[in-house]
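As structure tokens, the structure follows; a few thoughts come after it.
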Amino acid sequence: MWTIREGRCDEIERLVDLRLAMFDAMGILEDEDKPSVRDDCRAYFAETMPAGAFRVWVAVSSGADETNTGRETGSGHGETRESDLIASIGLVIHSVPPSPHNRVGKAGYIMNLVTLPAWRRRGIARALIEHVLGVLRSEGVPIVGLHASNDGRSLYERLGFRIRDDLPEMRLSLKRDE
């Protein structure tokens, strides 16, 4: 069993662990960089979560506390402690200038979707995304974006996310080493 609920500030260390697990799965985190990336993530979560600038929802293994706001499904897994975080998703809602397609001037950005390997293929990531899409709809946010890993792309497409050829994202790294 697992349950979705809001992440809490007292869980920052576990949220950082999940974020590093995501980078490991993507193959973009070198061992020598882990301590500094861990510190940077911890500082970001500690600053932005209490202010509500970065919001987090987690999937928790069996034994979820009374604060749960999500659904229960799946099955337990012996390697995970009771009430342990097994997946997370992050959301930032930012202000943008209104446009013909976004007259309210709010845009969501989904990030940090990660499910621990032992818990994958059980519908957890999909449930987390659907939960966040429901939050965005209830708050009147008309548009949401994300960056898809190769592993996540098909799930996002099944949920209706599309790459727009007419608005390709371009990026310039201002750091020499990226």
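The values are calculated or read from the model by the stated rules, or taken from the named source; none is laboratory data. Quick caveat: nothing in here was measured; it's all calculated off a predicted structure. Ideal geometry is used to build each Cβ from the backbone, glycine not excepted, and the neighbour counts take in all protein chains shown.
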Quiz item: Quick check, is Ile124 surrounded by fewer than 15 Cβ atoms within 10 Å (Cβ to Cβ), touching a residue at least 12 places away in the same chain (Cβ under 8 Å) and either over 15 Å from Leu18 (Cβ atoms) or hydrophobic (A, V, I, L, M, F, W, C) (or both)?
Solution: no
Practice problem: Please enumerate the residues belonging to segment 1-42 that are out of contact with any helix residue (DSSP H, G or I) (no Cβ under 7 Å at 6 or more places or on another chain), farther than 22 Å from Gly152 by Cβ and assigned to a helix (DSSP H, G or I). | Solution: Asp10, Glu11, Glu13, Asp31, Glu32, Asp33, Pro35, Ser36, Asp39, Asp40
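Give me a count of the residues in segment 98-120 that are over 17 Å from Phe23 (Cβ atoms) and part of a loop (DSSP other than H, G, I, E, B).
So in segment 98-120, the residues over 17 Å from Phe23 (Cβ atoms) come out as 98-109, 118-119.
Of the ones still in play, those that are also part of a loop (DSSP other than H, G, I, E, B) are 98, 100-101, 103-105.
The qualifying residues number 6.
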Quiz prompt | Odd one out for Ala64 among (1) of a type in the set (A, V, I, L, M); (2) farther than 24 Å from Val144 by Cα; (3) modelled with pLDDT of 95 or more; (4) buried (at least 19 other Cβ atoms within 10 Å of the Cβ) | solution = (3)
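Rundown of residues vs (1) β-branched (Val, Ile, Thr); (2) under 30 Å from Glu30 (Cα atoms); (3) part of a loop (DSSP other than H, G, I, E, B), yes/no style:
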position: His131; (1), (2), (3): no, no, no
position: Leu136; (1), (2), (3): no, no, no
position: Pro142; (1), (2), (3): no, no, yes
position: Gly160; (1), (2), (3): no, no, yes
position: Arg171; (1), (2), (3): no, yes, yes
Quiz item: Is it true that Glu47 is modelled with pLDDT of 95 or more, under 19 Å from Tyr156 (Cα atoms) and among the acidic types (Asp, Glu)?
Solution: no
Quiz item: Among (1) crowded, with 17+ Cβ neighbours inside 10 Å; (2) more than 25 Å from Arg137 (Cα to Cα); (3) at pLDDT 95 or above, which single condition is Arg5 missing?
Solution: (2)
Exercise. Just name the residue that is surrounded by the fewest Cβ atoms within 10 Å (Cβ to Cβ) out of those in segment 43-61 that are among the aromatic types (Phe, Trp, Tyr) and not in a helix (DSSP H, G or I).
Key: Phe54
